[in-house]
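Notes follow once the structure below has been shown.
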Amino acid sequence: MRSGQRLDSAQRLRRMHHQLAVAYGPQHWWPAHTPFEVILGAYLTQNTAWKAVERSLENLRAAGALNLDGLRALPLPDLQQLIRPSGFHTRKAPALKAFIAMLDAEFASSLDALAATPTPALRRRLLALRGVGPETADAILLYALRHPVPVADEYLRRIVERHRLLTPAPDRTRKGYDALIQLTREAFASDPARDQARLFNEFHALTVAVGKAHCGRTADCAHCPLAADLRQASS
Ligand code: SF4
């Protein structure tokens, strides 16, 4: 892709963010009460609809395990049972335990100490944990630990593909994920650094909102706030 086309795509994505912000307003993400709940949700939502995650979180809340001490004290089989509604429980439960073990061993059980780690080193450490891919790591970084990193997901991938913002279209590989992250960074590169975390937060929430409302497996473009950009891309 030539650099001018790339710039056009970044500018279009920035404009699409504005159009979504006007259409939907502030999203106030992530839907959780504490940073630790955000981390739990980031693990549990892998390959799962949020409704199912809510059932698992409700089970954990009822068991007093929606906090670090409660989850640490929970035996693995019990944890697996409680998070069963959000699927892949035999994989996600040990992954959550591994996160707590890392926090205890390397950060004195402190999320503040974890959050104080510089972003590149922290991202590498999270990615080295079992059960943590780029989307989960970036969601934890942005929404739980307040680091200014973009988050990409299947909704954004579909939007970028359908609006032909990247050539080749991003696939579901790590390379495709990285391309989405890079494009998002470029889209907000002109915004003040102090606003980046807030903008990445809202951008991801807004792409999820439009994805759920209009841009699922089939596209409902006629009623979508991004239809004007799509017409431009197709003309
Ligand atoms: S529904 Fe159509 S206009 Fe809306 S984001 Fe998806 S492809 Fe674009």
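The values are calculated or read from the model by the stated rules, or taken from the named source; none is laboratory data. Fair warning: this is a prediction, and the values are worked out from it, not measured in the lab. Note that each Cβ is placed from the backbone with ideal geometry, even for glycine, and that neighbours are counted across all protein chains shown. Quick note on the areas: whole protein, heavy atoms, side chains included, nothing else; ligands and nucleic acids left out. Shrake-Rupley method; radii C 1.70, N 1.55, O 1.52, S 1.80 Å.
Summary table
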| item | result |
| --- | --- |
| Qualifying residue in segment 133-150 (condition: buried (at least 17 other Cβ atoms within 10 Å of the Cβ) and among the hydroxyl-bearing types (S, T, Y)) | yes |
| Candidate set: segment 34-55, residues that are among the small types (G, A, S) and farther than 20 Å from D69 by Cα; chosen: the one surrounded by the fewest Cβ atoms within 10 Å (Cβ to Cβ) | A49 |
| Residues located in segment 124-157, provided they are within 16 Å of the ligand (Cβ to nearest atom), touching a Ser or Thr at 6+ places or on another chain (Cβ under 9 Å) and among the charged types (D, E, K, R) | D153 |
| Long-range neighbours under 9 Å by Cβ, at least six apart or interchain, first residue in the same structural domain as R162 (by TED's automatic domain parsing) and more than 15 Å from A21 (Cα to Cα) within segment 219-231, second open to solvent by less than 40 Å² (accessible area, probe 1.4 Å) and of a type in the set (A, V, I, L, M) | A219/L230; C221/A227; C221/L230 |
| Count - residues of segment 34-60 that are at pLDDT 95 or above and over 20 Å from I140 (Cβ atoms) | 3 |
| Index of the failed condition, D171 passing every other in (1) surrounded by 21 or more Cβ atoms within 10 Å (Cβ to Cβ); (2) more than 16 Å from the ligand (Cβ to nearest atom); (3) assigned by TED's automatic domain parsing to the domain that holds A23 | (1) |
| T117 being in a loop (DSSP other than H, G, I, E, B), open to solvent by less than 60 Å² (accessible area, probe 1.4 Å) and modelled with pLDDT of 95 or more | yes |
| Filter result (open to solvent by less than 50 Å² (accessible area, probe 1.4 Å), more than 17 Å from Q27 (Cα to Cα) and of a type in the set (D, E)) within segment 178-227 | D191 |
